[in-house]
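Structure first, commentary second.
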């Protein structure tokens, strides 16, 4: 594991670095080859004090990206939470990828989807500088996301692998921007925008 740790709006102490290295070292057992792991620890001013610190882990692999973000009242608890989350995502990713690889071995679709996932998330950027006041809070982060051309099924799988509850994509069937999302009953929904009349 090649761990890169950065901090935003907080001080990155040697104790936090050592703790993160120790806590994330469990990921070494999950991969055969060394993989780059990026940990961003940031502090935000939130209403809930137990959610002030955010630990965000991004793991770039040859065949995809795994990302997790969790909050805590200290950097240590945020690291604990994100470590557990990312470990579960890796397990889920490996299970799904191995099933998909076996299912699509002849056509190589599993590899194509994973490469598309890697390209899509590698192109993500986030802007946190401009804060905009809204009626019921503030808009504090804007993410720019390269939209991939894919099927609804592939979009739902990528949403789960990233640990998100929604995923924006360009539908392969019609070329339109769609949003797949996780419903409260654990099923999926699809938002298909239409022009207002």
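Taking the stated definitions as given, is residue 174 more than 22 Å from residue 86 (Cβ to Cβ) and modelled with pLDDT of 55 or more?
On the way: more than 22 Å from residue 86 (Cβ to Cβ): yes; modelled with pLDDT of 55 or more: yes.
Yes; evaluated as a whole, the condition is true for this residue.
For the stretch 32-46, check the following and say yes or no: at least one residue is out of contact with any helix residue (DSSP H, G or I) (no Cβ under 7 Å at 6 or more places or on another chain), outside any loop (DSSP other than H, G, I, E, B), within 16 Å of residue 161 (Cα to Cα) and touching a residue at least 12 places away in the same chain (Cβ under 8 Å). Explain how you work it out, then say what you get.
If we filter the stretch 32-46 for residues that are out of contact with any helix residue (DSSP H, G or I) (no Cβ under 7 Å at 6 or more places or on another chain), which is where we start, we get 32-36, 38, 40, 42-46.
Checking which are outside any loop (DSSP other than H, G, I, E, B) leaves us with 36, 38, 40, 42-43.
Imposing the further condition that a residue be within 16 Å of residue 161 (Cα to Cα) reduces the set to none.
Checked against the condition, which is being out of contact with any helix residue (DSSP H, G or I) (no Cβ under 7 Å at 6 or more places or on another chain), outside any loop (DSSP other than H, G, I, E, B), within 16 Å of residue 161 (Cα to Cα) and touching a residue at least 12 places away in the same chain (Cβ under 8 Å), the stretch 32-46 yields no hits at all.
When you go through 21, 2 one by one, which is the residue that is more than 21 Å from residue 164 (Cα to Cα) and modelled with pLDDT of 90 or more? Talk me through it step by step, then tell me what you get.
Working: 2 fails: modelled with pLDDT of 90 or more.
Only one candidate passes the filter, namely 21.
For the stretch 141-163, how many residues meet the condition of being under 21 Å from residue 94 (Cβ atoms), surrounded by fewer than 20 Cβ atoms within 10 Å (Cβ to Cβ), in contact with a helix residue (DSSP H, G or I) (Cβ under 9 Å, 6 or more places away or on another chain) and without any contact (Cβ under 8 Å) to a residue 60 or more places away in the chain?
Going through the stretch 141-163 one residue at a time, the tally reaches 0.
From the list 122, 146, 112, which one is modelled with pLDDT of 75 or more, under 29 Å from residue 31 (Cβ atoms) and within 22 Å of the chain's Cα centre (by Cα)?
146
For the stretch 130-142, name all the residues that are at pLDDT below 80 and under 17 Å from residue 56 (Cβ atoms).
140, 141, listed by residue number.
Checking the structure you have, find out if any residue of the stretch 48-71 is at pLDDT below 95, assigned to a helix (DSSP H, G or I) and within 19 Å of residue 161 (Cα to Cα).
The answer is no, given that none of the residues of the stretch 48-71 is at pLDDT below 95, assigned to a helix (DSSP H, G or I) and within 19 Å of residue 161 (Cα to Cα).
The values are calculated or read from the model by the stated rules, or taken from the named source; none is laboratory data. These numbers come from a predicted model, not from an experiment. Neighbour counts are summed over all protein chains in view; Cβ atoms, including those assigned to glycine, are modelled from backbone coordinates with ideal geometry.
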